[in-house]
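Inspection log for the structure reproduced underneath, given as structure tokens.
The values are calculated or read from the model by the stated rules, or taken from the named source; none is laboratory data. Every value quoted in this text rests on a predicted model; they were computed, and no experiment measured them. All Cβ positions, even for glycine, are placed from backbone atoms using ideal geometry, and neighbour counts span all protein chains on display.
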Amino acid sequence: MTGKTLYDKLWESHLVKDLDDGNSLIYIDLQYIHEVTSPQAFEGLRLAKRSPWRSEANMATPDHNVPTTTSERAQGVEGILDPVSKIQVKSLDANCTEFGINEFTIDDPRHGIVHVIGPEQGRTQPGMTIVCGDSHTSTHGALGALAHGIGTSEVEHVLATQCLQQSKAKNMLIKVNGELGRGVTAKDLVLAVIGKIGTAGGTGYTIEFGGDAIKALSIEGRMTVCNMAIEAGARAGIVAVDDKTIEYLKGRPFSPSAELWDQAEAAWRELHSDDDAYFDKIIELEAIDIEPQVSWGTSPEMVAAISKNIPDPAQMENDAKRGNYQQALAYMGLEANTPIQDIKIDRVFIGSCTNSRIEDLRAAAAVVKGHKVAESIKEAIVVPGSGLVKAQAEQEGLDKIFTEAGLQWREPGCSMCLAMNADQLGEEEHCASTSNRNFEGRQGFGGRTHLVSPAMAAAAAVAGHFVDVRDWT
Amino acid sequence: MKKFIKEKGIVIPLDRANVDTDYIIPKQFLKSIKRTGFGKNLFDEARYLDKGLPDQDCSSRPINPDFVLNQARYAGGSILLARENFGCGSSREHAPWALEDYGIRCIIAPSFADIFFNNCFKNGLLPIVLDNKIVNSLFEETVPNEGYELEVDLTEQTILKADGSVIKFEIDCARKKSLLNGLDDISLTLLHADDIKNFEERWKQKSPWLFT
């Protein structure tokens, strides 16, 4: 008999039953909730007079449209200037109180981006099924959990039934062999993967990331990789449990302790694909070939290595791709064949559920230390992923390094990744951003996003244009 | 949920690949705590020339005459013809809500993003996957022919063209049943409440740390 993949194991352990119509009922261990995709779900519960199946299997926090300036945040929810955002955050507070759901409110020191605080608190654990009304829920797969985004109807469904009706995805293995070069990070790795397989390359699959380069990544690096599985079209990305996973979970507030820890650890250590597991698709990359990446277009697959030029649509193999590339370059205000290093930057954003953890901030701080942000930069902001990341960074003096270099040090939240709050790009402004999406208008009406790693964003802040961080001194 | 049985309507061709959910409904409109009213901001950044704001009266905003929804010949259209990877990006259900609120009932494309595809079925919208060649030919027929209509029949899994020819399409039988009957998924799942409880009991024995 063929062995099982990690995804097969996670699926089978949560299978309540196969339904007559070909779907399956899958049990959900944990749901994360935020203010934007949940109000209509709670309203649905109220209208149908339903209550949560297991309220303690949910954890909430407002993150998408909270302000990040210290002045607005000083007064908690009342300090939110945008009245519409304030209503949404207040609705979350009221709904969590009404339905008995644990919420880290805006003024809680543990508040932050839901995909940062979940693992930080030890709520995310290996072997769990985790959902959230947010596509970047794939992040939690870094700890060997099956985690993916859902729509609001399914948020309500999970609240009411603790289950989802699903059909099983196919298995894909992305194996990254060898060692990443100096200055090349998890972000560059995942951008290179998306560049290779495209934004629909993983559609219908759960992607397991494996190989020596993935094993060598920290848990935070693996979170960056799994976070962007959705940008490759896969709802879920996962990494097998190893010693690093176990070490990461030890002693976190919601991690099991004493005897339960021993029992959990033994179960978690089984969470890897069998040697003879069958994958529907296997893609291999050599880590040594991956350079620091910069996105130049309006889709995360439109990336190029820092040493290269913007591709020429005329060289594309078909009309459709040629058209897409032309459209993207027109929106971005860029010319084909321009060296990536010549792209000038107006703003810098270091943050988001992709890259706002302590290691990301350390990497960015190491680059800007002793330098100043280029005069041509209108604004450079650093938005830590959580209150605890912020406190840790301040303890290490990273905030001082940033502010002395001329970057702003903000309060936690999703911020300019999706620009639902006041942190937005102006029209035609180019931004070096550590976030995950470079869609048209994503970071502000008419804004132009370039996705990069924290170190690359920091270097661009100092230089005013993209530079190869491998040459940084 | 609204049923989907049959839909005859004008076809709106949106000739753009990788249409993402930010393009379908920009983030500033996600601050609403309601499910309705998103139609006027569907494709907001392409449809209007200015930056849209929540709760704004859109009737006096400058429109982009080149955008397909602003062309009189497509007014009242209910079938959206699209390109590959439609609906990629975020999980926001506001995207299908905006399409539905505008009056779209069916989207035809060579491929869809997973989460968006799934969200459509929760809102009485039918996404149909057709071979790229067929989608190409539909674009070629729609653009020069004003008033071009298609009739989609979910029971028969057919698309009837004005010339009488028929295109067959595939759909998962659970989703078909759910759309045809306008079923409430939660009520259906709760029919299995005993199975869920039994599973939960077994799972608790096996993984007690998840239930502390």
note = Within the stretch A:363-381, of all residues that are in contact with a helix residue (DSSP H, G or I) (Cβ under 8 Å, 6 or more places away or on another chain) and of a type in the set (Lys, Arg), the one nearest to A:Thr473 (Cα to Cα) is A:Lys369
message = If I filter the stretch B:31-71 down to residues being crowded, with 17+ Cβ neighbours inside 10 Å, more than 20 Å from A:Glu427 (Cβ to Cβ) and modelled with pLDDT of 95 or more, which single residue comes out as nearest to the other protein chains (Cβ to nearest Cβ)?
response = B:Phe38
query = For the stretch A:285-326, what are the residues that are assigned to a helix (DSSP H, G or I) and in contact with a strand residue (DSSP E or B) (Cβ under 8 Å, 6 or more places away or on another chain)?
reply = A:Ala287
query = Does the stretch A:412-452 hold any residues that are of a type in the set (A, V, I, L, M), part of a loop (DSSP other than H, G, I, E, B) and either in contact with a Lys or Arg (Cβ under 8 Å, 6 or more places away or on another chain) or crowded, with 24+ Cβ neighbours inside 10 Å (or both), and which are they?
reply = A:Leu418, A:Ala419, A:Met420, A:Leu425, A:Val452
ask   = Taking the stretch A:383-411 on its own, how many of its residues are in a strand (DSSP E or B) and closer than 18 Å to A:His115 by Cβ?
value = 1
Enumeration of residues in the stretch A:405-437 that are in contact with a Pro (Cβ under 6 Å, 6 or more places away or on another chain), among the polar types (S, T, N, Q) and modelled with pLDDT of 95 or more = A:Thr434
task = Please identify the pairs in which a residue from the stretch A:19-34 that is closer than 18 Å to A:Gly149 by Cα has its Cβ atom under 9 Å from the Cβ atom of a residue that is acidic (Asp, Glu) and assigned to a strand (DSSP E or B), counting only partners at least 6 apart or on another chain.
result = A:Ser24/A:Asp18; A:Leu25/A:Asp18; A:Ile33/A:Glu103
message = Could you check the stretch A:199-248 and list, in sequence order, the residues that are within 14 Å of chain B (Cβ to nearest Cβ), assigned to a helix (DSSP H, G or I) and in contact (Cβ under 8 Å) with a residue 24 or more places away in the chain?
response = A:Asn227, A:Ile230, A:Glu231, A:Ala232
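Conditions (1) within 30 Å of B:Cys173 (Cα to Cα); (2) under 26 Å from the mean Cα position of the chain (by Cα); (3) away from every other protein chain (no Cβ under 13 Å), marked per residue:
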| residue | (1), (2), (3) |
| --- | --- |
| A:Leu25 | yes, no, no |
| A:Asn58 | no, yes, yes |
| A:Thr61 | no, yes, yes |
| A:Val66 | no, yes, no |
| A:Lys86 | no, yes, no |
| A:Asn102 | no, yes, yes |
| A:Arg110 | no, yes, yes |
query = Name the residues in the stretch A:20-68 that are surrounded by fewer than 17 Cβ atoms within 10 Å (Cβ to Cβ) and hydrophobic (A, V, I, L, M, F, W, C), would you?
reply = A:Leu47, A:Ala48
ask   = If you take just the helices (runs of 4 or more DSSP H) that sit entirely in the stretch B:143-212, which of them hold at least 2 residues that are farther than 27 Å from B:Ala109 by Cβ?
value = B:185-190, B:193-206
ask   = So, in the stretch B:1-30, of the ones that are within 12 Å of chain A (Cβ to nearest Cβ) and in a loop (DSSP other than H, G, I, E, B), which residue ends up farthest from B:Val152 (Cα to Cα)?
value = B:Pro26
task = Output the number of the condition that B:Gly76 fails; it satisfies all remaining conditions of (1) away from every other protein chain (no Cβ under 14 Å); (2) under 20 Å from A:Gly151 (Cα atoms).
result = (2)
query = Among the strands (runs of 3 or more DSSP E) contained in the stretch A:112-188, which hold 3 or more residues that are of a type outside the set (Phe, Trp, Tyr) and either within 11 Å of another protein chain (Cβ to nearest Cβ) or closer than 30 Å to B:Leu190 by Cα (or both)?
reply = A:129-132, A:146-149, A:163-166
request  = Evaluate the following for A:Ile106: is it surrounded by 24 or more Cβ atoms within 10 Å (Cβ to Cβ) and free of Cβ contacts under 8 Å to residues at least 60 places away in the same chain?
outcome  = yes
